[in-house]
Amino acid sequence: GVKLLLHGLCSNTTVKSLDLKGNNLRTVGAEALGKLLRQNKSIRSLILEWNSLGVWEEGFSIFCQGLGANNFLQRLDLRNNQINHQGAAELAMALKQNASLQELDLRWNNIGLLGGRALLNCLHSNKTLKRLELAGNNVPSDILKAVEQATDHNQDRQTILRETQNRACILSKEVLSLKDEKAKQFLDLMDTIDKQREEIARSGRMSAAQVSQLQEALDEQHSIMNSLKAKLQMTEAALALSEQKVHNLGELLNATKQEQTSMVERHFAELQQQKQEGADREGKLLRDLSAASEKNLLLRNQVDELEKKCKVQQDQLFQVKQDLTNTTAELKLRAVQAEERLEMEKRRFKQSLEDMESLRLKEVDHMTQHIEASERSMQDRIQRLEAIRIALEEELSQVKAAALTERGQAEEELIKVRNQARLEEQQRLEYLEEKLRLMTESRDEAQNCCLKQKQMVAEAQAKANQLSLHADGLRRRLEELQQDLNSKEEEKVTEVNKVKVELQEQIGHLQAERTAQEGLREKIAALERQLKALSSNHREALLDKEGEISLLQEKLRMKEADISRMREEEAQRASFLQNAIMAYVQGSPLGTRSSGK
């Protein structure tokens with residue numbers, strides 16, 4: 001019945017504990033138990049008290065072989081089974097192979113001194129047995145103490161192994177969390193890099209828009225210069241008309257002078273004729289003297305009036321000449337003022353161009369510095385990640401050999417990430433170089449436009465030198481142009497302020513990113529400190545345990561020396577007792593009778 005029961009339990013996977021106490025199992029039962037221990041993988045506790053298994057040596061040896069092949073049984077009760085020193089030796093051989101049994105109860109058997117030694121020797125190779133009961137087996141106390149020390153040592157070792165396993169699990173979890181955090185940090189870095197790229201693209205777009213606006217402003221200025229040329233042509237035409245008018249006025253003045261001279265000559269001729277007629281008619285016209293005198297008075301009045309008219313016309317001519325001189329002086333002064341204003345506008349335009357070029361150079365320097373700082377930070381982070389990875393790999397290699405595969409995977413992932421980061425950085429540098437090249441080309445184009453504008457301004461100056469009249473209109477037009485230029489300068493200033501505000505916002509974002517990166521660095525440093533503290537604690541515990549192991553080994557050596565000394569003393573005592581017994585037997589009357597017979 002026991003054979004059938006154990007045969008059925010060989011394939012069972014639910015039974016955890018089996019109690020066969022007091023069933024008088026024999027060789028067949030012991031063999032069936034050995035087969036059960038070989039095949040079953042679920043039984044953790046087996047109680048075989050009061051079954052006299054030690055009487056049947058062959059069956060008990062098969063049972064011990066099955067026990068050595070089993071790696072799942074944790075508790076075995078063999079009390080009161082008449083196990084002798086040979087059975088204890090077979091149990092010791094099985095325990096050397098077994099790696100799962102934690103409790104073994106061998107009380108009230110016949111193990112003796114030799115069996116106790118065999119079990120004590122097997123405990124040097126068995127590291128899992130934590131409890132071994134040997135009471136009531138005629139085993140010396142020193143062997144019992146040595147067995148207790150060995151089991152306690154195994155128990156301490158298992159606790160240490162559990163602690164190390166727990167620490168290894170904790171460290172693996174922390175490593176996984178660190179990997180996750182690093183992956184998150186890498187993703188955050190990639191996001192920040194993408195954002196920076198977007199910001200750079202935006203700034204490039206803004207700079208392109210600004211360049212287009214500047215080109216539009218230059219085109220507008222070119223159109224304004226063309227309009228100025230047209231206006232100058234109009235003014236030249238007006239000057240030609242004014243010159244023609246002046247020429248006509250001069251001709252009119254000459255005609256009036258000729259008329260005055262002709263009138264004076266006529267009056268003089270008339271006077272001479274009148275004098276001759278008066279001389280001829282003195283006698284005849286004495287009566288008409290009063291009338292002649294009156295006529296003479298009238299003529300004198302007319303002559304005075306004509307002289308007054310001549311004086312007035314001469315004064316008018318003098319005033320006209322003064323007005324002409326004043327107008328020419330005013331025109332010259334206005335032309336000089338116009339030239340000075342044109343030079344001032346040139347200087348302002350040059351200063352604005354130099355400011356724009358300096359701003360562009362500053363932006364390019366800022367972008368290059370930002371790129372170099374980002375590259376340095378990325379290199380520092382990569383180096384720190386490499387250092388952290390190396391430290392973690394060393395600790396994991398010391399704790400668990402299975403982490404080698406994970407380290408290889410992590411190295412491959414880091415290599416991939418580095419290659420990706422390097423490729424992205426190279427692409428970014430190429431993009432920035434292209435952008436710088438485009439900016440330089442745009443700057444060269446702007447300089448060429450400025451040179452063209454300077455040439456146009458020189459031509460305008462050459463034409464402005466020819467201006468001598470109608471300075472009032474030119475002044476008004478120049479004031480309008482100044483207002484337009486002031487409005488454009490204000491627009492440029494507003495654009496520059498906008499660019500400055502955008503750059504300040506970018507600087508604020510970069511500072512926020514730096515603070516976040518510093519926080520991440522502090523977290524990494526804290527985690528590194530924790531890992532170092534854990535590793536130091538683990539190493540100190542291992543050193544302490546090694547010291548305890550060395551002390552226990554020294555104690556075991558001392559105990560073995562004591563045991564050998566006690567054996568020698570027991571052998572001497574046995575020889576003395578044997579000699580004494582032999583002497584007593586020979587000296588007693590029974591000895592004499594036996595000798596007589």
Legend entry - the range 315-343, residues that are modelled with pLDDT under 75 and of a type in the set (Gly, Ala, Ser): Ala335, Ala338
Inset, instruction - Answer yes or no: is there a residue in the range 481-488 that is free of Cβ contacts under 8 Å to residues at least 40 places away in the same chain, open to solvent by less than 70 Å² (accessible area, probe 1.4 Å) and part of a helix (DSSP H, G or I). - result: yes
Inset, instruction - Kindly establish whether Leu114 is farther than 23 Å from Lys35 by Cβ and either open to solvent by 60 Å² or more (accessible area, probe 1.4 Å) or in a loop (DSSP other than H, G, I, E, B) (or both). - result: yes
Inset, instruction - Enumerate the pairs (first residue in the range 119-143 and part of a helix (DSSP H, G or I) and among the acidic types (Asp, Glu); second residue anywhere and open to solvent by less than 30 Å² (accessible area, probe 1.4 Å) and modelled with pLDDT under 90) with beta-carbon separation below 6 Å, excluding pairs fewer than 6 apart on the same chain, so at least 6 apart or on different chains. - result: Asp142/Ile563
Legend entry - Lone unmet requirement of (1) under 60 Å from the mean Cα position of the chain (by Cα); (2) open to solvent by less than 10 Å² (accessible area, probe 1.4 Å); (3) within 16 Å of Asn98 (Cβ to Cβ) for Gln74: (2)
Legend entry - Residue, nearest to the chain's Cα centre (by Cα), within the range 229-239, restricted to residues that are among the aliphatic types (A, V, I, L, M) and open to solvent by less than 40 Å² (accessible area, probe 1.4 Å): Leu232
Legend entry - Verdict on Lys3 being at pLDDT below 90, in a helix (DSSP H, G or I) and surrounded by 14 or more Cβ atoms within 10 Å (Cβ to Cβ): yes
Inset, instruction - Being open to solvent by less than 60 Å² (accessible area, probe 1.4 Å) and without any contact (Cβ under 8 Å) to a residue 60 or more places away in the chain is the filter; apply it to the range 240-258 and report the residue that is nearest to the chain's Cα centre (by Cα). - result: Ala240
Legend entry - Tally, over the range 12-36, of residues that are under 60 Å from the mean Cα position of the chain (by Cα) and either open to solvent by less than 50 Å² (accessible area, probe 1.4 Å) or among the hydroxyl-bearing types (Ser, Thr, Tyr) (or both): 5
Legend entry - Residues (part of a loop (DSSP other than H, G, I, E, B) and either at pLDDT below 75 or under 60 Å from the mean Cα position of the chain (by Cα) (or both)) located in the range 273-314: Arg281, Glu282, Gly283, Leu285, Asp288
Legend entry - Test set (1) of a type outside the set (D, E, K, R); (2) farther than 21 Å from Asn154 by Cβ; (3) in contact with a Ser or Thr (Cβ under 9 Å, 6 or more places away or on another chain); (4) buried (at least 22 other Cβ atoms within 10 Å of the Cβ) - Ile47 fails condition number: (4)
Inset, instruction - Inspect the range 158-174 for any residue being polar (S, T, N, Q), part of a helix (DSSP H, G or I), in contact (Cβ under 8 Å) with a residue 40 or more places away in the chain and touching a His at 6+ places or on another chain (Cβ under 6 Å) and give the result as yes or no. - result: no
Inset, instruction - Name every residue in the range 46-66 that is in a loop (DSSP other than H, G, I, E, B) and acidic (Asp, Glu), in order of residue number. - result: Glu49
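Looking at the structure I just gave you, is Met190 more than 19 Å from the chain's Cα centre (by Cα) and surrounded by fewer than 17 Cβ atoms within 10 Å (Cβ to Cβ)?
Judged against the criteria, Met190 is not a match.
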Inset, instruction - Pull up the range 531-558, narrow it to residues that are open to solvent by 80 Å² or more (accessible area, probe 1.4 Å) and in contact (Cβ under 8 Å) with a residue 60 or more places away in the chain, then point me to the one that is nearest to Ala150 (Cα to Cα). - result: Lys555
Inset, instruction - Provide a single number: the residues in the range 344-353 that are at pLDDT 80 or above and either loosely packed, with under 13 Cβ neighbours inside 10 Å or more than 11 Å from Leu485 (Cβ to Cβ) (or both). - result: 3
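The values are calculated or read from the model by the stated rules, or taken from the named source; none is laboratory data. Remember, it's a predicted structure, so these values are computed and weren't measured experimentally. Glycine gets a Cβ as well: all are built from the backbone with ideal geometry, and neighbour counts include every protein chain shown. Side chains included, ligands, DNA and RNA excluded: accessible areas come from the protein's heavy atoms. Shrake-Rupley method; radii C 1.70, N 1.55, O 1.52, S 1.80 Å.
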